[in-house]
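Please read the structure below before turning to the comments.
The values are calculated or read from the model by the stated rules, or taken from the named source; none is laboratory data. Owing to the predicted nature of the structure, the values given are computational and were not obtained by experimental measurement. No Cβ is skipped: glycine too gets one built from the backbone with ideal geometry, and neighbour counts run over all protein chains shown. Just so you know, the surface numbers come from the protein's heavy atoms only, side chains and all, with ligands and any DNA or RNA stripped out. Shrake-Rupley method; radii C 1.70, N 1.55, O 1.52, S 1.80 Å.
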Amino acid sequence: MSQPLFEKVAFIGLGLIGSSLARVIEAEHLANDIVASTRSQKTLEDAKALGLISEGYADPVEAVKGADLIVLALPVRATQKVLETIQPYLAEGAIITDVGSTKGNVVEAAKAVFGDALPAGFVPGHPIAGAEHTGVHAGKVDLFANHKVILTPLPTSAAWAVDKLIQLWQAAKAEVICMDVEKHDEVLAHTSHLPHLMAFNLVEQLAKREDNLDIFRYAAGGFRDFSRIAASDPQMWHDIFFANKKAILNAVDGFEAQLEIIRKLIEDEDSQALMGLLGHAQAARQHFNHMLAKKPFMEKNQVTQQFTIQPGAKKFQGKFTVPGDKSVSHRSIMFGAIAEGTTHVTGFLEGEDALATLQAFRDMGVSIEGPKNGEVTIHGVGMHGLKVPQSALYMGNSGTSMRLLSGMLAAQKFDSVMTGDASLSKRPMERIAKPLREMGAQIQTTGERGTPPVSITGNQNLKGIQYDLPMASAQVKSGILLAGLWAEGETSVTEPEPTRDHTERMLRAFGYEVKTEGNRISLQGGGKLVGTNIQVPSDISSAAFFMVGAAITENADVTLEAVGINPTRTGVIEILKQMGADITVENERIAGGEPIADIRIRGTRTLKGIHMPEDQVPLAIDEFPALFIAAACAEGQTILTGAAELRVKESDRIQVMADGLKTMGIDCTPTEDGIIIEGKGKAGDWSPIFTGGEIESHHDHRIAMSFSIAGLRNSGEIKIVGTETVATSFPTFTALTSQAGLAIKVTE
């Protein structure tokens with residue numbers, strides 16, 4: 001039997017939270033002994049009868065003797081008195097934590113007792129969980145499961161103490177987040193204390209009405225759901241409201257100001273503004289759920305999704321519409337926001353990257369309706385109508401959002417900061433910051449590597465420049481051109497190789513003149529955009545996984561409808577054709593200024609290894625992870641050169657793909673700017689190519705999807721770890737592959 005985490009745990013107080021944690025410690029065998037001290041003899045007797053404690057004491061001194069963990073589960077205002085009582089009797093190296101809803105006053109209480117030299121084991125904490133009932137009998141072993149627990153380590157807190165508490169709360173199946181004390185109290189004032197105050201206030205307001213019986217009798221579900229928290233313990237909330245007085249009063253001031261805005265919009269019957277406000281609030285709620293929850297202040301326990309694919313012969317057939325093009329979706333929001341008039345978008349990609357862009361412009365005051373079934377309506381504010389965001393703009397996993405927005409934000413009158421998730425926070429941003437500085441922007445990146453957060457100082461007068469891109473990058477080109485919209489004079493970018501031209505095409509669709517002369521793209525600053533209708537084509541980068549899947553699977557027959565075939569994006573089609581794939585482009589047409597077509601791929605012949613042409617590299621830069629899977633299934637050697645850009649994507653895609661291919665039995669050699677892959681395919685032989693194994697995707701969506709497609713030719717089980725980011729670009733990926741014949745099991 002393994003050694004328990006603690007020798008003796010002492011609870012001071014044993015209500016709902018304390019008794020629930022005691023149940024966890026007992027169930028998970030985390031301590032050899034659990035004791036408690038409370039003022040209620042009945043509580044202690046009941047706790048012993050329930051098997052939660054071995055002994056109960058009226059005097060907390062008796063409880064803490066010899067304890068290596070002391071949990072203060074009592075009203076926050078009682079903290080100082082209890083600490084004064086137990087201080088002389090604390091064991092050396094004991095961990096002291098609490099479960100209170102406020103932290104500043106707990107720290108002040110500790111300083112009043114211990115002085116500034118606080119014990120190394122003192123780590124305040126706050127489990128964000130509760131129930132309507134209180135007391136020792138209300139405790140539940142699963143109370144904290146799937147809830148957050150915030151720890152607020154101090155400069156004096158020892159790392160070993162923090163680590164032990166993280167282990168404790170993780171054993172309770174909670175998600176542990178660490179943040180500083182002031183931030184905790186500010187956040188909780190807005191997200192917990194203010195809602196409780198509002199609930200108490202609303203119920204009190206209605207209770208005072210003469211017709212209160214009718215009001216309560218006919219109250220609908222919304223009232224019941226919102227007012228439920230007014231049934232909480234009045235004494236506890238009385239103490240919390242005083243303990244976190246400053247932050248709560250600030251939150252109340254903010255609420256009153258926002259309420260006055262809504263009141264005025266209703267009074268004036270300002271329909272568009274009210275719809276914009278309500279839509280922004282709805283989207284923010286969804287955005288916070290799906291995105292910000294993945295950005296804890298200090299990541300300690302990140303939920304990692306996993307794909308599992310079993311071996312065995314598979315079919316791969318059907319007619320599919322893959323999600324909308326991510327690049328076009330981003331730009332439709334950006335350009336619609338700064339246009340004059342209304343822009344209506346269809347086919348919008350409702351993945352998290354594009355939603356991050358949408359949310360950023362809502363945060364800058366743009367009224368946006370949707371998305372709903374791929375439809376978005378943007379009420380443009382014009383070139384000078386963006387407003388200062390209240391906080392940092394969160395770009396999630398999207399490098400496109402951050403680099404293009406850098407150009408736009410550099411020209412605004414206000415300061416701004418952009419942040420991202422753990423993956424985006426490692427990606428280089430100096431490549432866009434450098435030319436923007438040449439235009440007169442004040443922009444700062446972080447650390448020696450020039451990574452996010454990106455801080456931009458507003459109110460700068462930009463001047464047009466002529467910029468020679470050192471390496472082909474549509475994102476850098478676009479960021480410079482977008483800054484050029486506000487810059488004085490002409491802004492031009494010369495590319496070493498052609499890159500995707502969605503920015504140029506869409507600016508023209510919005511009525512802004514852009515010149516393309518060979519590899520030189522230019523525009524004059526000072527113009528305007530006019531709202532228009534945009535149809536987003538299906539994303540060829542997403543379609544690429546199905547193209548490769550069909551090309552490597554016997555008797556496969558897949559048709560992908562309305563795929564964007566912008567000539568700056570079709571490298572994947574050209575490369576697959578050169579490898580001998582049976583691929584045809586049918587029903588070519590134009591939609592929203594972009595060429596689209598249906599693409600049919602059949603698994604009728606074994607692919608051949610080739611030296612991938614360097615002139616196609618910029619036209620297929622995002623599709624190479626999938627093409628590496630095709631190369632592994634090809635007959636002979638495939639060589640890629642001139643693709644150093646792959647090393648600075650969401651992951652180092654050359655190295656990560658090479659590691660995964662080797663794990664699955666493929667001989668390959670990564671190089672500085674590419675890879676050499678020894679294909680295992682043989683003409684007419686459709687037997688498995690990949691041995692299976694566990695693949696680390698490094699939370700890169702294209703890596704995860706590429707190795708998923710390898711599951712069409714596997715002899716052993718494939719496990720792919722870190723697949724949650726697939727939702728950033730292809731939220732329906734597993735559903736569509738299942739329809740085609742490739743079953744992917746998703747677990748967390």
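Quick one: Cα centre-to-centre distance for the range 317-364 and the range 371-446, in angstrom? What the calculation gives is 15 Å, centre to centre. If the chain linking Leu50 and Glu92 were pulled fully straight, counting 0.36 nm for each residue of separation and taking away their Cα-Cα distance, it would gain 12.1 nm. For the range 6-179, a simple Cβ point-charge model (Lys and Arg +1, Asp and Glu -1, everything else neutral) yields a dipole of about 340 debye relative to the Cα centre. Between the range 535-594 and the range 153-202, what's the alpha-carbon centroid distance in Å? Between the Cα centre of the range 535-594 and that of the range 153-202, the gap is 49 Å.
Taking label points 7 Å from Cα along the Cα-to-Cβ direction, Ala735 and Glu28 give a separation of 3.5 nm. For His147, the solvent-accessible surface computed with a 1.4 Å probe is close to 80 Å², ligands and nucleic acids excluded. The residues neighbouring Thr559, those whose beta-carbon lies less than 15 Å from its own, together hold a net charge of -2 under the Lys/Arg +1, Asp/Glu -1 convention.
Using 0.36 nm per residue and subtracting the Cα-Cα separation, the extra length available between Glu7 and Glu256 on full extension is 84.6 nm.
The DSSP beta bridges internal to the range 326-535 are antiparallel in roughly 70% of cases. Averaged per residue, the range 6-179 has 41 square angstrom of accessible surface, using a 1.4 angstrom probe with ligands and nucleic acids left out. Applying the criteria of a DSSP loop state and at most 16 other Cβ atoms within 10 Å to the GluC sites (Glu not before Pro) of the range 691-720 yields Glu717.
Electrostatic bookkeeping for Gly571 treats Lys and Arg as +1 and Asp and Glu as -1; over the other residues with beta carbon under 11 Å from its beta carbon, the sum is -3. The slack between Arg520 and Ala145, meaning 0.36 nm per residue of separation minus the straight C-alpha distance, is 129.3 nm. Ranking Glu678, Glu504 by solvent-accessible area of protein heavy atoms (1.4 Å probe, all protein chains present), from largest to smallest, gives Glu678, Glu504. Once C-alpha pairs closer than 8 Å and six or more residues apart are averaged by separation and normalised to the residue number of the chain, the relative contact order reads 10 percent.
In this simple spin-label model, placing a label point 7 Å from the Cα along the Cα-to-Cβ direction at both Trp160 and Glu340 gives a separation of 7.0 nm. Model label points for Asp659 and Asp685, set 7 angstrom from Cα along the Cα-to-Cβ axis, are 3.0 nm apart.
Looking at the square roots a ≥ b ≥ c of the eigenvalues of the Cα gyration tensor of the range 554-682, which shape do they give, rounded for a/c under 1.5, prolate if a/b is larger than b/c, or oblate? Oblate, since a/c reaches 1.5 and b/c is not below a/b.
Backbone N atoms of the range 677-699 closer than 19 Å to the 7 Å Cα→Cβ label point of Arg605 belong to residues 679-687. Note on the chain: dipole from Cβ charges, positive end direction compared against Leu188, Gln475, Ala433; the farthest Cα belongs to Gln475.
Among the protein heavy atoms of the range 6-179, carbon and sulfur supply 50% of the accessible surface, probe 1.4 Å, non-protein parts ignored. Residue ranges 46-55, 440-449 sort as 46-55, 440-449 when ordered by packing (mean number of other C-beta atoms within 10 Å per residue, highest first). A probe of 1.4 angstrom, applied to the heavy atoms of all protein chains, finds Ile266 with accessible area near 100 square angstrom.
Largest to smallest in accessible area, the residues Val322, Val648 fall in the order Val648, Val322 (1.4 Å probe, all protein chains included).
Residues Met275, Met179, ordered by accessible area of protein heavy atoms at a 1.4 angstrom probe radius and largest first, appear as Met275, Met179.
Dipole size of the chain about its Cα centre, with +1 on Lys/Arg Cβ and -1 on Asp/Glu Cβ: approximately 420 debye, rounded to the nearest 20.
The alpha carbon gyration tensor of the range 326-535 gives principal lengths a ≥ b ≥ c with a/c below 1.5, which makes the shape rounded. The spacing between the range 499-525 and the range 646-717, judged by their C-alpha centroids, is 37 Å.
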